[in-house]
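Chemist: Have a look at this one.
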Amino acid sequence: MQIDDHGAGPDIHTHPLPARTSEVLRDLAYSGGERVTFSEILTGLRHRAFGFAMLVFALPCVLPMPPGVPTVCGAALAIIALNLIAVRRRLWLPSAITEKSIARADLRRVVDRVLPLLERLERVCKPRLSIFTEPIARVLIGVVVLVLGVVMILPIPLIGNMPPGAAAVVIAVGVTERDGVVVLVGLVTAVAAIAIASAATWAVILAIVHYFASH
């Protein structure tokens, strides 16, 4: 499945301005149907393919989700990151991921929890510090998101995948709204999230080693 990224200059003038990210999420969460596929969620994005796709796959990991969901979302984020690193203008995701579905009730629960924060974030978002949203900077974003995706795939103890998921959400909003300041905040948050996940994993490893050493 391929989705266009932000179009060229003429397209901006011939198409209406896109809705805010929160509006798109609200529409998706409260549409009909018991389940929704990731393909349905991503269809028609075009103008915000990379940022919104990252947001869609990061959001489910902000809250505890059924087993398997974080793995799919982490793998999807890793593939989106590889698209960014390769500086692709079209987002490609394998059908094995886009055909996966999520219960709309779960999507609604996540959206209801994050929407107030997202709307507050959108009020301060504006195109600025473009150096962090240009194609060259997207390579750096791709590397960071790739690490976050891999961390989300792993069975992180205690805190689960929520810190890297939250970091990916902030980066995604910054990319979608073309706000370099928010992207920068997301990158800093990502470093902290990776450090927290590493510390949690290391603590469990040490506990296991200590347990077997004392028996």
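Chemist: Kindly check whether there is at least one residue in the range 201-211 that is assigned to a helix (DSSP H, G or I), among the aliphatic types (A, V, I, L, M), out of contact with any strand residue (DSSP E or B) (no Cβ under 8 Å at 6 or more places or on another chain) and crowded, with 18+ Cβ neighbours inside 10 Å.
Modeler: Looking through the range 201-211, none of the residues is assigned to a helix (DSSP H, G or I), among the aliphatic types (A, V, I, L, M), out of contact with any strand residue (DSSP E or B) (no Cβ under 8 Å at 6 or more places or on another chain) and crowded, with 18+ Cβ neighbours inside 10 Å.
Chemist: Identify all residues within the range 13-27 that are exposed (fewer than 12 other Cβ atoms within 10 Å of the Cβ) and at pLDDT 70 or above; write none if there are none.
Modeler: Of everything in the range 13-27, just one residue is exposed (fewer than 12 other Cβ atoms within 10 Å of the Cβ) and at pLDDT 70 or above, namely Asp27.
Chemist: Taking the options Val151, Val183, Val124, Val173, name whichever one is out of contact with any strand residue (DSSP E or B) (no Cβ under 7 Å at 6 or more places or on another chain) and at pLDDT 90 or above.
Modeler: Exactly one of Val151, Val183, Val124, Val173 is out of contact with any strand residue (DSSP E or B) (no Cβ under 7 Å at 6 or more places or on another chain) and at pLDDT 90 or above, namely Val183.
Chemist: Give the range 171-200 a look and list any residue that's without any contact (Cβ under 8 Å) to a residue 60 or more places away in the chain and buried (at least 22 other Cβ atoms within 10 Å of the Cβ), or say none.
Modeler: Answer for the range 171-200, where residues must be without any contact (Cβ under 8 Å) to a residue 60 or more places away in the chain and buried (at least 22 other Cβ atoms within 10 Å of the Cβ): Asp179, Val183, Gly186, Ala190, Ala193, Ala197.
Chemist: Quick check on the range 113-149: of everything there that is among the basic types (Lys, Arg) and surrounded by fewer than 19 Cβ atoms within 10 Å (Cβ to Cβ), which residue is nearest to the chain's Cα centre (by Cα)?
Modeler: Ranking the candidates gives Arg113 first.
Chemist: Restricting to the range 81-112, count the residues that are of a type outside the set (A, V, I, L, M, F, W, C), buried (at least 19 other Cβ atoms within 10 Å of the Cβ) and in contact with a Pro (Cβ under 9 Å, 6 or more places away or on another chain).
Modeler: 0
Chemist: Failed condition for Ile156, given (1) surrounded by fewer than 24 Cβ atoms within 10 Å (Cβ to Cβ); (2) in contact with a helix residue (DSSP H, G or I) (Cβ under 9 Å, 6 or more places away or on another chain); (3) outside any loop (DSSP other than H, G, I, E, B); (4) of a type outside the set (Ser, Thr, Tyr), with all others met?
Modeler: (3)
Chemist: Quick one: is Val188 within 17 Å of Ala53 (Cα to Cα), in a helix (DSSP H, G or I) and either of a type in the set (Ser, Thr, Tyr) or at pLDDT 90 or above (or both)?
Modeler: Against the criterion (within 17 Å of Ala53 (Cα to Cα), in a helix (DSSP H, G or I) and either of a type in the set (Ser, Thr, Tyr) or at pLDDT 90 or above (or both)), Val188 does not qualify.
Chemist: Right, next: Name the pairs whose Cβ atoms lie under 7 Å apart, with the first residue in the range 111-128 and touching a residue at least 60 places away in the same chain (Cβ under 8 Å), the second of a type in the set (Lys, Arg), and 6 or more positions between them or separate chains?
Modeler: Val111/Arg26; Leu115/Arg26; Glu122/Arg20
The values are calculated or read from the model by the stated rules, or taken from the named source; none is laboratory data. What you are looking at is a predicted structure, and each value in this text was computed from that prediction instead of being measured. FYI the Cβ positions are ideal-geometry reconstructions off the backbone, even for glycines, and counts take in every protein chain you see.
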